[in-house]
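Asker: Here it is, the structure, as structure tokens.
The values are calculated or read from the model by the stated rules, or taken from the named source; none is laboratory data. Only a predicted model underlies this, so the values are computations on that prediction, with no experimental measurement involved. With ideal geometry, Cβ positions are generated from the backbone for all residues, glycine too; neighbour counts draw on all protein chains shown. The area values use the complete protein model at the heavy-atom level, side chains included, leaving out ligands, DNA and RNA. Shrake-Rupley method; radii C 1.70, N 1.55, O 1.52, S 1.80 Å.
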Amino acid sequence: MAKVSFIQEKCKGCKLCVSVCPKHIIKMNDQSLNEKGYHPAEITDMDKCIGCAFCATVCPDCVIIVEK
Amino acid sequence: MGQKLLMKGNEAIAEAAIRAGCLHYFGYPITPQTEIAHYMAKKLPKVGGVFLQAESEVAAINMVYGAGSTGTRVMTSSSSPGISLKQEGLSYLAGSEVPAVVVNIVRGGPGLGGIQPAQSDYFQATKGGGHGDYKQIVLAPSSVQELYELTVEAFNLADRYRIVVMVMGDGILGQMMEVVEFRDKEPIERPDAPWATTGHGCERSQNVITSIHLSPAVLEKMNLSRLEKYKQIEEKECRYELFNDEDAEFFIVAYGTVARIAKSVIETARQEGLNVGLIRPVTLWPFPRKAIDKVMGTAKAFLTVEMSAGQMLEDVMLSVCGRKPVYFHGRMGGMVPAKEDILQKLREMKEQLG
Amino acid sequence: MAIIFQKPKALKDTSMHYCPGCTHGIAHRLVAEALDELEIEGRTIGIASVGCSYNSYDYFGCDMIQAPHGRAPAVATGVKRSKPDSIVFTYQGDGDLAAIGTGEIVHAAARGEKITVIFINNTIYGMTSGQMAPTTLLNQYSTTTPYGRIADLHGYPIKVCELLATLDGPAYIERASLADVKQIKNAKKAVKKAFQVQMAGLGFSMVELLSTCPTNWGLNPLESMNRVKDELVLHYPLGVFKGESLEV
């Protein structure tokens with residue numbers, strides 16, 4: 001099991017994490033905007049996460065914390 | 001007093017810097033000051049110092065900026081065209097308040113100019129050749145002994161005020177040889193530098209040396225605090241020499257090499273019944289306005305003499321402020337004002353003003 | 001469960017000003033990870049240059065100095081020569097390093113200055129909004145090559161790693177890329193190795209990181225990453241150009 005958390009207010013909605021997730025479980029939360037005015041990334045299906053940290057590796061803003 | 005040595009001006013500067021604890025020198029060859037680099041190249045490695053010939057004067061001043069940012073006493077030297085190349089660096093040093101000593105052995109200009117002595121970098125040195133509102137202390141030695149003493153003092157001033165101090169000589173002063181009497185112990189004052197970027201060692205917060213502040217309010221505040229500092233320097237660090245000033249009717253205002261010529265003019269003038277005094281600025285910035293005020297009572301007129309088209313002339317006029325007439329005599333391109341021409345000018349002044 | 005990935009300590013918490021998807025942020029992280037893993041932040045002095053990363057001192061936690069445009073290698077030289085036990089790095093873009101700063105970088109490398117240069121090559125001037133850089137590719141559009149870069153008019157893009165590898169001073173030169181997870185992991189190794197080369201006093205080290213500029217390329221972040229892999233890498237091949245067999 002692995003867990004990924006997003007520091008919402010630092011996300012700029014660049015979607016690079018979305019593009020690299022092998023499990024395709026990251027999506028942009030289009031229901032809310034963070035204080036920068038972006039739709040932040042989030043994971044709804046956490047139990048599919050394998051903790052590969054690809055998302056965090058490609059994130060330019062250290063938004064993503066990965067636990068395993 | 002200590003050891004006496006017959007020394008070339010440029011070498012006295014280098015020796016003075018080392019005695020002042022400056023063990024880092026970054027320079028670039030340019031006539032007529034390169035002996036400073038030669039001396040540093042020979043001596044610094046022997047005293048645990050670092051001499052580095054940079055790829056350009058631009059690189060050299062930025063190496064000075066780097067070393068100075070770590071709180072290290074550091075110096076560079078050059079001559080007019082090279083000093084022009086360093087102006088951006090001098091503005092950065094001023095904007096980030098990094099102390100450094102910069103030596104300018106002035107030569108004829110503009111452009112590639114010549115290699116003979118001149119004083120035509122006065123405006124650049126005292127009014128700021130770089131961008132933005134800033135000042136740097138400018139010291140004007142007029143003997144090899146003063147090249148030594150003022151270079152040592154330059155480091156104390158630079159550290160005391162976190163400012164660039166320029167020692168401004170000319171091709172004659174740099175190349176001539178005179179006896180220098182060295183002190184046994186140099187009057188070195190080195191305040192500690194908590195602001196320096198030496199690596200925080202995880203024991204203090206981060207230090208940042210920068211001159212960019214995108215917020216205009218912050219940038220103005222930085223400038224205002226420096227103006228305060230410059231005002232203090234103007235009040236405390238003004239230096240000049242008055243010569244034969246008790247009751248002279250005319251005063252020559254001259255510095256560096258020209259001040260020496262003026263002194264022999266004054267001796268000869270006295271024999272012709274012309275009572276002439278000398279005001280010799282030792283700091284070009286801050287300019288010694290008080291010296292002008294002091295003699296205003298007896299002075300009928302002032303004669304500024306420079307190896308330029310008349311640059312300090314404007315500071316003299318500002319200081320005299322119209323109270324008395326100000327005359328000018330200058331030579332350019334490396335020509336040196338002749339004693340006879342200065343005397344002739346004084347005679348004309350006497351005729352006009354009686 | 002343990003944390004296996006988070007912001008490195010040597011990076012401050014400040015949110016970075018870079019555009020969404022700009023790989024400057026990744027490059028900053030890799031440098032900070034190296035400082036953390038090598039435990040050298042305390043004795044490191046970074047030199048910020050002029051360009052999008054002008055205020056990298058707001059992001060790196062180590063002592064920092066702001067250098068004039070192009071002069072970071074000279075400033076770094078002054079720092080290293082006066083504090084030889086410190087670790088000194090410059091963080092420069094392609095305009096800063098390969099245009100106005102060509103003299104400084106060539107001579108710092110030729111002297112074998114024991115500093116580490118982090119060179120971000122995104123083939124454009126970002127901060128000033130999209131002008132041609134010395135690394136702009138032929139036919140690439142920019143605000144100063146509005147009809148595409150034409151060799152006859154604008155000359156040819158400069159390969160900095162290859163240029164500096166002809167000098168004897170450099171101990172380690174590598175070009176890496178930030179264009180995908182695999183390449184970022186390799187870039188991380190390169191950055192760390194560059195600092196280790198400096199720690200071992202072996203001479204000048206530089207890592208060129210092929211990077212993106214979504215805003216001025218007119219592409220979205222993912223398209224920009226692909227452009228690095230499809231176009232930049234062709235002209236700027238990845239690999240080690242000096243110090244291949246170096247053990248640190």
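Asker: Of everything in segment A:15-31 that's within 12 Å of chain C (Cβ to nearest Cβ) and out of contact with any helix residue (DSSP H, G or I) (no Cβ under 6 Å at 6 or more places or on another chain), which residue is most open to solvent (accessible area, probe 1.4 Å)?
Answerer: A:15
Asker: I've got another one for you. Which numbered condition in (1) at negative phi; (2) surrounded by fewer than 20 Cβ atoms within 10 Å (Cβ to Cβ) is the only one that residue B:20 fails?
Answerer: Here residue B:20 meets the rest and fails (2).
Asker: Based on this model, can you work out whether residue C:158 counts as open to solvent by less than 60 Å² (accessible area, probe 1.4 Å) and closer than 30 Å to residue A:55 by Cβ?
Answerer: Against the criterion (open to solvent by less than 60 Å² (accessible area, probe 1.4 Å) and closer than 30 Å to residue A:55 by Cβ), residue C:158 does not qualify.
Asker: Considering segment B:138-162 alone, what residues qualify as being open to solvent by 10 Å² or more (accessible area, probe 1.4 Å) and under 20 Å from residue B:123 (Cα atoms)?
Answerer: Passing the criteria: only B:142.
Asker: Could you say whether any residue in segment B:130-137 is assigned to a helix (DSSP H, G or I) and over 18 Å from the mean Cα position of the chain (by Cα)?
Answerer: No; the residues of segment B:130-137 include none that is assigned to a helix (DSSP H, G or I) and over 18 Å from the mean Cα position of the chain (by Cα).
Asker: Just to check your reading of the model, which residue among A:36, A:12, A:48 is more than 12 Å from chain C (Cβ to nearest Cβ) and either touching a strand residue (DSSP E or B) at 6+ places or on another chain (Cβ under 7 Å) or not acidic (Asp, Glu) (or both)?
Answerer: The conditions single out A:48.
Asker: If you check residue C:122 against the conditions, is it touching a Phe, Trp or Tyr at 6+ places or on another chain (Cβ under 9 Å) and open to solvent by 10 Å² or more (accessible area, probe 1.4 Å)?
Answerer: Spelling it out, residue C:122 is indeed touching a Phe, Trp or Tyr at 6+ places or on another chain (Cβ under 9 Å) and open to solvent by 10 Å² or more (accessible area, probe 1.4 Å).
Asker: Going through B:86, B:43 one at a time, which residue ends up being on the phi < 0 side of the Ramachandran plot, open to solvent by 10 Å² or more (accessible area, probe 1.4 Å) and either more than 7 Å from every other protein chain (Cβ to nearest Cβ) or small (Gly, Ala, Ser) (or both)?
Answerer: B:43
Asker: Residue B:13 - would you say it is in contact (Cβ under 8 Å) with a residue 24 or more places away in the chain and assigned to a helix (DSSP H, G or I)?
Answerer: yes
Asker: Do any strands (runs of 3 or more DSSP E) entirely within segment C:1-106 hold 2 or more residues that are at the interface with chain B (Cβ under 8 Å from one of its Cβ atoms) and aromatic (Phe, Trp, Tyr), and if so, which?
Answerer: none
Asker: Still on this structure: Which ranges mark the helices (runs of 4 or more DSSP H) fully within segment C:178-247 that have 3 or more residues being away from chain A (no Cβ under 11 Å) and of a type in the set (S, T, N, Q)?
Answerer: C:181-199
Asker: So which residues in segment C:95-111 are open to solvent by less than 10 Å² (accessible area, probe 1.4 Å) and farther than 15 Å from residue C:69 by Cα?
Answerer: Correct list: C:108, C:109.
Asker: Quick one: is residue C:33 open to solvent by 10 Å² or more (accessible area, probe 1.4 Å), of a type in the set (Asp, Glu) and touching a strand residue (DSSP E or B) at 6+ places or on another chain (Cβ under 9 Å)?
Answerer: yes
Asker: Quick one: is residue B:233 under 30 Å from residue B:335 (Cα atoms), open to solvent by less than 20 Å² (accessible area, probe 1.4 Å) and either part of a helix (DSSP H, G or I) or assigned by TED's automatic domain parsing to the domain that holds residue B:176 (or both)?
Answerer: no
Asker: Being touching a helix residue (DSSP H, G or I) at 6+ places or on another chain (Cβ under 7 Å), open to solvent by less than 10 Å² (accessible area, probe 1.4 Å), free of Cβ contacts under 8 Å to residues at least 60 places away in the same chain and of a type in the set (Gly, Ala, Ser) is the requirement here; does residue B:256 meet it?
Answerer: no
Asker: Can you find, within segment B:175-212, the residue that is farthest from the other protein chains (Cβ to nearest Cβ) among those that are touching a Leu at 6+ places or on another chain (Cβ under 8 Å) and open to solvent by less than 40 Å² (accessible area, probe 1.4 Å)?
Answerer: Across segment B:175-212, the extreme among qualifying residues is B:180.
Asker: Turning to a different aspect of this structure: Tell me, please, whether a residue that is in a loop (DSSP other than H, G, I, E, B), surrounded by fewer than 24 Cβ atoms within 10 Å (Cβ to Cβ) and in contact with an Asp or Glu (Cβ under 6 Å, 6 or more places away or on another chain) can be found in segment B:288-295.
Answerer: no
Asker: Quick check on this structure: which one of B:316, B:305, B:336 is hydrophobic (A, V, I, L, M, F, W, C), open to solvent by 20 Å² or more (accessible area, probe 1.4 Å) and within 30 Å of residue B:171 (Cα to Cα)?
Answerer: That would be B:336, the only listed residue that is hydrophobic (A, V, I, L, M, F, W, C), open to solvent by 20 Å² or more (accessible area, probe 1.4 Å) and within 30 Å of residue B:171 (Cα to Cα).
Asker: Do we find a residue being closer than 25 Å to residue C:58 by Cβ, among the β-branched types (Val, Ile, Thr) and open to solvent by 20 Å² or more (accessible area, probe 1.4 Å) anywhere in segment A:37-54?
Answerer: No.
Asker: Determine, yes or no, whether residue B:25 is closer than 30 Å to residue C:62 by Cβ, within 21 Å of the chain's Cα centre (by Cα) and assigned to a strand (DSSP E or B).
Answerer: In short, yes.
Asker: Let me ask something additional. Please tell me if residue B:346 is among the aliphatic types (A, V, I, L, M), open to solvent by 10 Å² or more (accessible area, probe 1.4 Å) and over 18 Å from residue B:119 (Cα atoms).
Answerer: No; evaluated as a whole, the condition is false for this residue.
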